[in-house]
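Please read the structure below before turning to the comments.
Bear in mind that the values in this text are calculations on the coordinates, not laboratory data. The structure presented is a predicted model; accordingly, all values stated were derived computationally and were not measured. All Cβ positions, glycine included, derive from the backbone under ideal geometry; neighbour counts span all protein chains shown.
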Amino acid sequence: MNKYLFSVKTFFVLAIVLLCSMQTKAQKKYTEKDLAALKQTLMQTVAGKSKEVQVMVDQIFSFAELGFQEVETSKYITSVLTKNGFTVENGISNVPTAWMAKWGSGSPVIALGSDVDCIPKASQKPGVAYKAPIVEGAPGHGEGHNSGQAVIIYAAIAMKELMEREKLPGTILIWPGIAEELVGTKAWYVRDGYFKNVDACIFTHVSGDFNSSYGDNGGNGLVSVRFDFEGEAAHAAGQPWRAKSALDAVELMNVGWNFKREHLKPTNRSHYVIVDGGDQPNVVPSKASVWYYFRERTYEDIKMNYESGIKIAEGAAMMTNTKVTHQMLGTAWPGHFNKPLAEAMYANIKKVGMPTWDEKDIALAKGVQALVEAPKKDQQGNPIDGLKNTIDSLKGSVAFSWGGGSDDIADISWNLPTIVLRYPANIPGTKGHHWADAIAMATPIAHKGSLVGAEATAMTLLDLFTKPSLVADAKKYFKEVQTKETQYIPFITKDDPPAIHLNKEIQGAYRSQLEKFYYDPSKFGTYLEQLGVTYPTVKKP
Ligand SMILES: [Zn+2]
């Protein structure tokens, strides 16, 4: 009996000792001076990884994969993460190219994300300021999504090294924005619970600026919907009166929607492509499809336009005696971002500062700006001339916006405290979604911009892992300000599948040609070197 009592006593004593030691570990307090020193160390660790950053930026650029087809990209990134001690779950949300990587244990749990997909018909040699596709007609990184994973991964690896040394508890998650151009996955990740126990999320996106922001960012949300019409074929000359043209229905739907535009708010953005208009003129198309993006500033207005679109499609089907069905291919909420996190990130951005651009970087930037006939000023009235050297002030909620683009990071930002770091890896004044936006993206401009992005991200990770008050403040803002009156209602149902069939044919048509140009870092210092590009080549020889 005595023996039993002793062991119970021992058990409690041990348990108390263990609990106390866990608490001291979790509550390890750092003074501002300690943190400043640790940030300095972190910045040096990240700066020491500039070669790795360049290799990753160039490697992903060379894969040039469209949304849902990021096969090589994901294989490569996850192998880097596995080598660095992360465990990887592949195929999350039933998306073959999606994954979630994890390192560490306990709280806080901080997620880092960035997009990886590219743009159709944007193939372009880097460092060359005139049209010079690597593979004519092929996809290319005409937005710069090839750079963001290097930003978060090398920030995370530097932070991981520091956490091991300092014995800091916490978990780092890394995930890719698969098919961002199709706003095709983030709402699905949220629906499937991948962000359920995450305390905060840092997302990074390429830009000409170095900044973050909080509140309503002025962007639009959207639904991406394909309408499929089905009629009946007939000889288009012999007996056209016996046909029911699905193409007529598509055209009438577009006419209907274009009349509707007059009665939409000026903040609306809607656009479509006819993805199937029939096979040949002498066969009345029995099938035809049109794919719409309906964008607006609020959930309610997006929903209203979506419902109007369905009604107009049904009207077109009625007029042509055809049938119509529709499928949701993607969705994004309007963006709203976290104030305490943005303030923490901004303070670190200011510590890091803009990259040091040299005359070659500036010459390329000016060459590209001349090529795309860039406006003299941006929408805020700041001059566009070469590369930026200053950091703008931290911006809060916009008072008014005419609307614009979308990013499905908003579906995450409406579920947990989230910010977007915009890092200066591309040239200001370009058009976006264009081959000219790829020119800087495997050059020193992208390498330097991604490196400063990684430094600011690493320092913000340090803030999150050492200051429990920051995580608490971020959650407080999320609960008491952001979601006080607006609650997230997903546009997708629990059954909507991700549209993983998209881009399969296009990527398939170009993959073997692109393969010849995949970057081989074992043979070449940089991708510019592999392609034999003199940096910069501003004028056509
Ligand atoms: Zn993007």
Amide H to amide H under 5 Å from ALA132: which residues, 5+ apart in sequence or cross-chain, H placed 1.01 Å off N in plane? LYS125
On a full-extension model of 0.36 nm per residue, what is the gain between SER522 and ILE362, subtracting their alpha-carbon distance, rounded to one decimal in nm? 54.7 nm
Based on DSSP H runs of at least 4 residues, each adding -39500 (n - 2.57), what is the mean residue ellipticity at 222 nm of the chain after dividing by all its residues, to the nearest 500 deg cm²/dmol? -12500 deg cm²/dmol
Express the relative contact order of region 221-331 as a whole percentage, based on alpha carbon pairs under 8 Å and six or more residues apart in sequence. 45
Projected area averaged over orientations for region 221-331, convex hull of C-alpha atoms, nm²: 6.5
Spelling it out for LEU329: with amide H atoms placed in the peptide plane at 1.01 Å from N, the residues 5 or more places away or on another chain with amide H under 5 Å from its amide H are SER224, VAL225, ARG226
May I ask what percent, to the nearest 5, of DSSP beta bridges between residues of the chain are antiparallel? 65
For the chain, the longest site-free run once GluC sites (Glu not before Pro) in DSSP loop states with at most 14 other Cβ atoms within 10 Å are removed: 137-372
Could you work out how far the C-alpha centroid of region 90-156 sits from that of region 279-301, in angstrom? 28
I'd like the orientation of helix 32-47 relative to the chain: the angle between its Cα long axis and the longest Cα principal axis, in ° from 0 to 90, rounded to 10. 50
Using unit Cβ charges (K, R positive; D, E negative) and no other charged atoms, how large, in debye to the nearest 20, is the dipole of region 221-331 about its Cα centre? 240
HN-Hα J couplings of region 224-240 from phi, Karplus 6.51/-1.76/1.60, θ = phi - 60°, integer Hz, Gly and Pro as x? 10, 9, 9, 9, 10, 9, 10, x, 9, 7, 6, 4, 5, 9, x, 9, x
Select from region 179-270 those trypsin sites (Lys or Arg not before Pro) which occupy a DSSP coil region and have at most 10 other Cβ atoms within 10 Å, ordered by residue number. LYS196
Give the relative contact order (percent, whole number) for the chain; include only Cα pairs under 8 Å separated by 6+ residues. 24
What's the angle, to the nearest 10 degrees (0 to 90), between helix 468-477's Cα axis and the longest principal axis of the chain? 30
Positive-end extreme of charge dipole, the chain - chosen from LEU162, GLN69, PRO424 (charges on Cβ): LEU162
For the chain, what does the convex hull of the Cα positions come to per residue, in cubic angstrom? 189
How far apart, in nm, are two points set 7 Å out from the Cα along the Cα-to-Cβ line at LYS475 and at ALA47? 3.6
How would you rank TYR194, TYR527, going from fewest to most other Cβ atoms within 10 Å of each one's own Cβ? TYR194, TYR527
Taking only Cα atoms, what is the 0 to 90° angle, nearest 10, from helix 50-63's long axis to the longest principal axis of the chain? 20
Per DSSP, loop trypsin sites (Lys or Arg not before Pro) in region 374-439 with at most 13 further Cβ within 10 Å: LYS376, LYS431
Would you please give the residues with an amide H less than 5 Å from that of SER207, counting only those at least 5 places away or on a separate chain, with H modeled from the backbone geometry? TYR423, ALA425, ASN426
Which ³J(HN,Hα) values in Hz, rounded to whole numbers, follow from the phi angles of region 507-514 under the Karplus curve 6.51 cos²θ - 1.76 cosθ + 1.60, where θ = phi - 60° and Gly and Pro get x? 4, x, 5, 10, 4, 5, 6, 5
GLN380/VAL283 FRET efficiency (R0 51 Å; Cβ-Cβ; nearest 0.05): 0.45
